[in-house]
Structure formats: structure tokens, C-alpha cells
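Asks: This is the structure I want to talk about, given as C-alpha cells.
The values are calculated or read from the model by the stated rules, or taken from the named source; none is laboratory data. Everything quoted here is computed from the prediction, not taken from an experiment. Please note: Cβ atoms are built from the backbone with ideal geometry, for glycine as well, and neighbour counts cover all protein chains shown. With ligands, DNA and RNA removed, areas are computed over all heavy atoms of the protein, side chains included. Shrake-Rupley method; radii C 1.70, N 1.55, O 1.52, S 1.80 Å.
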Amino acid sequence: MLSCKRVFKTASVFLLALMCVAVFSSTAHAEIKVTVKNNRSHTLSLAFRWAGFDMPDDIVSGWYNVPAGQTKTFKFDVAYQMTAQDFGYYAQGGGSVWGGGKLSGWINPKSKFRGNPHEMPSGMKEVGYRHLKLKRGPGEDSAYGSATLTFNP
């Protein structure tokens, strides 16, 4: 027959393991949705920058195009708790640029790109990304965030 002490010890270890899985899975797998409303008369090209768990996991990624008069939603798999502080965008189109923020990174002026904002490959251009405040997911869900960018004429 199992002793009460042994059952309690086994249950405690199991509960601790279950809590660790829940905590690490929620921080590692989150989703950010950014909706871009382009009310301008030209296509907009956007790049995004966000923080990972540490500097080697930080990301810059672009180009995400939104034609004139359209709305698109982009989804990113991120660690929301880290990303909410350091999520930014850089946009260009029709001769206008939306950048110059405090979040540093780079862009590839000629083609799509993805990389670490702290390790700029040759031929790239260093830019500032504007901070984008993310709204927390529905209810108490901190694993998801969203934002809407509206570009008016």
C-alpha cells in the first residue's frame, strides 16, 4: 500500500512538471497580428522588427506589401512577453517613409529579407523602426497581441 507521504510527493512533482510545461509553452508560442489599412493611393511596403528571448533571437523581416485601398493582416509567431516591449515597424511607399524610431535594425532596399537586427549583412541599410504598441489578447490571454496601423492620405 502506498503511503500518504509518497502519494503527496509524486503528485507534487507531477504538478510542478505540468506547471513548467504550461509556463514555457505559453511564452514560446504566441501570435502577434498586425492589421494594416492602406488608405493611400499607392502600395505600402512594411518591415517589422521584434525581440526574441535574447539578442540572437531578435528578428527583422520585410517586405510585406499592402496595395492601395486594401487592408491586410499579418501574423507572426513570437514570444509575446518579450515582443510587446520591442515590436516595431518601418514602412515606405509613394515617396514617403515611416521610420526613424528608437528600435534599430536594417532593411534590404531591393528584396525581401529576414535576419537579426544586430547583425547587418553587407549591402543593407540601417534604419530606425517605430515602436508599435500591442494590445493584449482577449481576456487575460497574454500569449497573443494585436495592433492596427492605418495609413491615411
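Asks: From the list 77, 54, which one is touching a residue at least 24 places away in the same chain (Cβ under 8 Å) and loosely packed, with under 13 Cβ neighbours inside 10 Å?
Replies: 77
Asks: Here is a follow-up. Looking at 142, 104, which is the one that is at pLDDT below 95, surrounded by 13 or more Cβ atoms within 10 Å (Cβ to Cβ) and part of a strand (DSSP E or B)? I'd like the intermediate steps shown before the answer.
Replies: Details: 142 fails: part of a strand (DSSP E or B).
The unique qualifying residue is 104.
Asks: Moving to a separate point now. Out of curiosity, is residue 49 assigned to a strand (DSSP E or B) and either of a type in the set (Lys, Arg) or exposed (fewer than 15 other Cβ atoms within 10 Å of the Cβ) (or both)? Steps first, answer last, please.
Replies: Values: assigned to a strand (DSSP E or B): yes; either of a type in the set (Lys, Arg) or exposed (fewer than 15 other Cβ atoms within 10 Å of the Cβ) (or both): yes.
For residue 49, the condition - assigned to a strand (DSSP E or B) and either of a type in the set (Lys, Arg) or exposed (fewer than 15 other Cβ atoms within 10 Å of the Cβ) (or both) - is met.
Asks: Quick one: in segment 57-74, of everything that is at pLDDT 95 or above and either within 16 Å of residue 144 (Cα to Cα) or touching a Pro at 6+ places or on another chain (Cβ under 9 Å) (or both), which residue is surrounded by the fewest Cβ atoms within 10 Å (Cβ to Cβ)?
Replies: In the first step, residues of segment 57-74 are kept if they are at pLDDT 95 or above; the result is 60-74.
This time we only want the ones that are either within 16 Å of residue 144 (Cα to Cα) or touching a Pro at 6+ places or on another chain (Cβ under 9 Å) (or both), so: 60, 73-74.
Details: 60: 27, 73: 11, 74: 14.
Applying the filter and picking the extreme gives 73.
Asks: Condition first: within 16 Å of the chain's Cα centre (by Cα) and under 14 Å from residue 32 (Cβ atoms). Can you find one or more residues in segment 107-125 that meet it?
Replies: Taking every residue of segment 107-125 in turn, none turns out to be within 16 Å of the chain's Cα centre (by Cα) and under 14 Å from residue 32 (Cβ atoms).
Asks: Out of all the residues in segment 112-132, is one or more surrounded by fewer than 18 Cβ atoms within 10 Å (Cβ to Cβ), basic (Lys, Arg) and at pLDDT below 95?
Replies: Taking every residue of segment 112-132 in turn, none turns out to be surrounded by fewer than 18 Cβ atoms within 10 Å (Cβ to Cβ), basic (Lys, Arg) and at pLDDT below 95.
Asks: Then there's this: Residues of segment 27-46 being farther than 14 Å from residue 97 by Cα and either outside any strand (DSSP E or B) or open to solvent by 40 Å² or more (accessible area, probe 1.4 Å) (or both), which ones?
Replies: 27, 28, 29, 31, 33, 37, 39, 41
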